[in-house]
1. Roughly how many Å is it from the Cα centre of the range 118-176 to that of the range 262-292, as a whole number?
2. Binning at 10 Å from 0, report for the range 130-170 what percent of all alpha-carbon pair distances ends up in each bin.
3. I'd like the projected area of the range 218-270, averaged over all directions, using the convex hull of its alpha carbons. Report it in nm² with one decimal.
4. Which residues does the label zone of residue 265 cover in the range 193-231, counting backbone N under 17 Å from a point 7 Å along Cα→Cβ?
5. Taking the Cβ-Cβ separation of residue 122 and residue 329 as r and a Förster radius of 35 Å, what is the calculated FRET efficiency to the nearest 0.05?
6. First obtain the Kirkwood hydrodynamic radius of the range 149-360 from its Cα pairs, then insert it into the Stokes-Einstein equation at 37 °C and 0.692 mPa s, and state the resulting D in µm² per second as a whole number.
7. How big is the Rg/Rh ratio for the range 161-215, C-alpha atoms only, Rh by Kirkwood, two decimals?
């Protein structure tokens, strides 16, 4: 069977062009949407490439009086939607995936791990035929997912943790204080959460256990004084109050307090729970995006079988991973984000990373 490639500005134009060139017997095999241009003097624009063939029994040019059945079948294919709008089952049943079983296997793994676009498309791009699909995906995940190694080793002077109540900010800050203290950095903690009952007592207990001083600041002037007392510290971790998207008063109050800090010396870390759906995490991100978070602290990964939703969120927002926490124990249940940790929390990837880590720790 001979295949023909047709390129146009849209899928509909490509179909019409194919029909004009090859007649009513033409059938669509696959499509590919891509961007062209974008150079110094050219504008980027969308292009659609379709691969088509002539149905059996039809010549390269068929009569304009094609059968009603042929025309009906062609028109049905001409209305084929963008593959990104199809359900997982529909994508698995399309011609392009039936002819590439490795892609179908890889796609099924990504679906099981709740990985969505644009990360999914990056992982499936030019996927090789044959071989171990799980191993290829593992390698691509390691090379594609962004990790904030710079802030793991060289944090800025102020590290502000933001996120809603219950996302795990306070325990994550205590665990981060322990990690950075082990790196011979002098660490202090300031909590702005003077609203939640027992908030200061909780972080103060953690600080006492870790020999890290803690100061509470409920207003701008108190935050300035606390920062001055800790000015000699290498790193100041700041706990904040959680608020809902509708709580404009707390939002503005937090904005006012954080404006007291030197922006060039401040990082904002968004805490997200791995057990949340990607849509809910995106809604949470919308509430805190105005604080310009630079990286993610992923909490409660022990409460879910996969962190694919968080990896998709990270790719979509271009926020790298900083820490992963997997329990309530302070300071033990935290790890710096790494390729090994990511693979350890993916379903059916074909790699038993927990067993591997246990072996190398013997």
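What follows draws every value from the coordinates through simple rules; no lab data is involved. The shown structure was predicted, so the numbers you read here are calculated from the model rather than taken from an experiment. Note: ideal-geometry Cβ built from the backbone for every residue, glycine included; neighbour counts use all protein chains shown.
1. Comparing the Cα centres of the range 118-176 and the range 262-292, I get a distance of 14 Å.
2. With 10 Å bins starting at 0, P(r) equals 21, 27, 28, 19, 5.
3. Values: hull surface 15.9 nm².
Seen from a random direction, the Cα hull of the range 218-270 projects 4.0 nm² on average.
4. Within reach of a label on residue 265, which here means backbone N under 17 Å from a point 7 Å along Cα→Cβ, the range 193-231 contributes 221-231.
5. Details: r = 35 Å, r/R0 = 1.00.
For R0 = 35 Å, the calculated efficiency reads 0.50.
6. Values: Rh = 17.5 Å.
Rounded, D is 188 µm²/s.
7. Values: Rg = 10.9 Å, Rh = 11.5 Å.
Over the Cα atoms of the range 161-215, Rg/Rh equals 0.95.
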